[in-house]
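Okay, so here's the structure we're looking at.
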Amino acid sequence: MNSLIRRGIYPLYCNTFKLSTRYFADEAVKEKIDQIVKNNKVVVFMKGIPDAPRCGFSNAVVQIMRMHAVPYESLDVLSDENIRQGIKDYSNWPTIPQVFINGEFVGGCDIMLQMHQSGELVEELKKVGIKSALLTAEESKKEGA
Amino acid sequence: MSHCYNEVIDDSDGCGAKFSVLVVSDKFLGKPLLARHKLVNSVLQEELKTIHAFSQKTLTVEQWKK
């Protein structure tokens, strides 16, 4: 009888336990990401850090942010495997880098580049109260003329 | 996904993990960029698991003709 219980229930119990700890770990990562993107106007999840990006796509996003002089929070996914996978699940987006504005996923490198080229990025930043340096430069040019 | 044109460029030097695609489809009509990219991602969900770098351009037929 004892062995029956052991064979029958114990593995089941074990698996449920494993599943639930996994579930809580995922939830904790999700919660952490949630806090980060909601507490900062602009967040970039990238490979490496802004001063030393470790991927061409991440570097492109950093350069765009620099051009617009956007203050942003950055997270290096290479230093945290949980965040690296967690952010993909969170935004349902398969690649890094990922940019969030006002808690919302905006896009990866391609989208940022196209938004930069179309002028849409300046508008999006304006909505959250960030004035792009490109806009400031344009205005001072007009004033000078 | 029904589309009228696409182009895939393998940027990976043969390792098969780095691609750029151009997708032209009228399914993109009225969809913002993010929604277009998400549509392509969802179609390639399985493939993307093994792709490391993926870059896309998504145009409607009209945009493409320009």
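A few comments on the model shown:
- Per-region count, segment B:47-66, residues among the charged types (D, E, K, R), over 14 Å from the mean Cα position of the chain (by Cα) and either within 9 Å of chain A (Cβ to nearest Cβ) or farther than 21 Å from residue A:118 by Cα (or both): 1
- Looking across segment B:28-40, the residues that are surrounded by 15 or more Cβ atoms within 10 Å (Cβ to Cβ) and touching a residue at least 12 places away in the same chain (Cβ under 8 Å) come down to B:28, B:33, B:36, B:37, B:39, B:40.
- Positions within segment B:31-41 being facing chain A (nearest Cβ under 9 Å) and more than 10 Å from the chain's Cα centre (by Cα), in sequence order: B:33, B:34
- Evaluation of residue A:4 against (1) modelled with pLDDT under 95; (2) surrounded by 10 or more Cβ atoms within 10 Å (Cβ to Cβ); (3) more than 26 Å from residue A:134 (Cβ to Cβ) (one fails), failing number: (2)
- Against the test of being surrounded by 14 or more Cβ atoms within 10 Å (Cβ to Cβ) and in a strand (DSSP E or B), the options A:70, A:61, A:37, A:44 yield a single qualifying residue, A:44.
- Only residues that are under 19 Å from residue A:44 (Cα atoms) and in contact with a helix residue (DSSP H, G or I) (Cβ under 8 Å, 6 or more places away or on another chain) were counted across segment A:127-145, and they come to 3.
- Filtering segment A:103-129 to residues that are in contact (Cβ under 8 Å) with a residue 12 or more places away in the chain, away from every other protein chain (no Cβ under 11 Å) and either in contact with a Phe, Trp or Tyr (Cβ under 6 Å, 6 or more places away or on another chain) or within 17 Å of residue A:61 (Cα to Cα) (or both) leaves A:116, A:121, A:122, A:124, A:125.
- Exactly one residue out of A:11, A:94 is in contact with a helix residue (DSSP H, G or I) (Cβ under 6 Å, 6 or more places away or on another chain) and modelled with pLDDT under 95, and it is A:94.
- The residue of segment A:107-126 that is nearest to residue A:40 (Cα to Cα), among those that are crowded, with 20+ Cβ neighbours inside 10 Å and either over 11 Å from the mean Cα position of the chain (by Cα) or β-branched (Val, Ile, Thr) (or both), is A:125.
- Filtered by the rule that a residue be farther than 20 Å from residue A:56 by Cβ and not in a strand (DSSP E or B), segment B:47-65 gives B:47, B:49, B:60, B:61, B:62, B:63, B:64, B:65.
The values are calculated or read from the model by the stated rules, or taken from the named source; none is laboratory data. Being a predicted model, the structure only gives us computed values, none of them experimental. Cβ atoms come from the backbone with ideal geometry, glycine included; neighbour counts cover every protein chain shown.
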